[in-house]
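Participant: Sharing a structure below in structure tokens format, with a few things to ask.
The values are calculated or read from the model by the stated rules, or taken from the named source; none is laboratory data. Nothing here was measured: the structure is a model prediction, and the numbers come from that model. Neighbour counts are summed over all protein chains in view; Cβ atoms, including those assigned to glycine, are modelled from backbone coordinates with ideal geometry. Protein only, heavy atoms only, side chains kept; ligands, DNA and RNA dropped before computing areas. Shrake-Rupley method; radii C 1.70, N 1.55, O 1.52, S 1.80 Å.
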Amino acid sequence: MAVIYALGCLCFSALNDFVFKLYARKDRSRGIFVFLCGVLWVFLLGLRPVDWENSLAPTLTWGIVSGLFSVISNLLLIEAMGFQSAGVCATIFRLNLVIVVIAAILWLGETVTFFQVLGILCAIGAILAFMPRGTKFRVDENSRAMLGIYLVLAACILRAGMGLTYKYGFLHGADPNGVPLLNGVCWIVGGLVYAVLREKKIRFSKKTVGYGMLSGALLCGIVFFMALMLNAGAASVTLSIAQMSFLGTFALSMIFLKEKLTSRTALAVVLGVCAILFLSAFPK
């Protein structure tokens, strides 16, 4: 069952990244979109029990910290998809596992293995392969494509921060239901703040509400299946399957958005798959 749950997580993640891309194609409020996702997220996850009495301080602390990482990283991912293809953004975003491994080695005292080194090298190769031809790593060169790369790299780093704070928080007594719930609250507040300060307006439309509710439901599905898969099977196996969601996003973007799979992007995808396998399926 663990593999089935992981495949469910993969499908929900791939669909959600694709919804992000569909929404980002036009000039619509990113802040209100994230706010609506958070509303549905809190409504659905609020039905799960939380042991506030025995875990109030660590749950509040790490729920809010990880929530800030979560909302900012996803806002950056949505913005990046306005400049880059869905497949490229989804692949780089899912390589946050590389940063988690590096941080664990540097700050948590974990030892580096041969496979982890291979995984890190494959991830670097994947990102370099996605860079536009002839790029000089300046935004004025291939500006839209490079800006998308830089935004999703920032999103990837922050998403890794979310994963690390999850791990640290749970080790220090944070409630596993309370932390995701507070993440949703951060999406509500963060979305409104982004709409007011960055976009200078709060604007609802039928499209925004529709996309927000759809993505919110998919996000809840991701959280639900991730909890099931981690409870039912080994994290090294289930996480490696779930992290492959960018393959689904790539397929959806090619079928419905006619995005092209070039030799460079194909190489990057293969390297991305290898990176995740080396880092998660072969941890020792």
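Participant: State all residues of region 198-213 that are under 9 Å from GLY31 (Cβ atoms) and either in contact with a His (Cβ under 7 Å, 6 or more places away or on another chain) or among the aliphatic types (A, V, I, L, M) (or both); if no residue qualifies, say none.
Facilitator: ILE202
Participant: Please state which of the following conditions PRO49 fails to meet, knowing it meets all the rest: (1) open to solvent by 20 Å² or more (accessible area, probe 1.4 Å); (2) out of contact with any Leu (no Cβ under 7 Å at 6 or more places or on another chain); (3) part of a helix (DSSP H, G or I).
Facilitator: All conditions are met except number (3).
Participant: Taking only region 218-234 into account, find how many residues are assigned to a helix (DSSP H, G or I), surrounded by 17 or more Cβ atoms within 10 Å (Cβ to Cβ) and out of contact with any Pro (no Cβ under 8 Å at 6 or more places or on another chain).
Facilitator: So the count comes out to 11.
Participant: Moving on to the next point. Among the residues of region 148-205 satisfying the criterion of being touching an Asp or Glu at 6+ places or on another chain (Cβ under 9 Å) and in a loop (DSSP other than H, G, I, E, B), which is surrounded by the most Cβ atoms within 10 Å (Cβ to Cβ)?
Facilitator: In this case the residue turns out to be ASP175.
Participant: Just the residues that are under 13 Å from the mean Cα position of the chain (by Cα) and assigned to a loop (DSSP other than H, G, I, E, B), please, taken from region 79-120.
Facilitator: Across region 79-120, the qualifying residue is only LEU95.
Participant: Check off (1) at pLDDT below 75; (2) closer than 16 Å to ARG264 by Cβ; (3) in contact with an Asp or Glu (Cβ under 7 Å, 6 or more places away or on another chain); (4) not polar (S, T, N, Q) for GLY87 and give me the number that stays unchecked.
Facilitator: (1)
Participant: Of ILE241, ILE255, which residue is in a helix (DSSP H, G or I), more than 20 Å from GLN84 (Cβ to Cβ) and β-branched (Val, Ile, Thr)?
Facilitator: Answer to the check: ILE241.
Participant: Hey, ARG138 hits all of (1) outside any loop (DSSP other than H, G, I, E, B); (2) open to solvent by 60 Å² or more (accessible area, probe 1.4 Å); (3) at pLDDT below 90 but one; which does it fall short on?
Facilitator: (1)
Participant: Does ALA242 satisfy the criteria of being surrounded by 18 or more Cβ atoms within 10 Å (Cβ to Cβ), of a type outside the set (Ser, Thr, Tyr) and farther than 15 Å from LEU45 by Cα?
Facilitator: Here the answer is yes, as ALA242 does meet what is asked.
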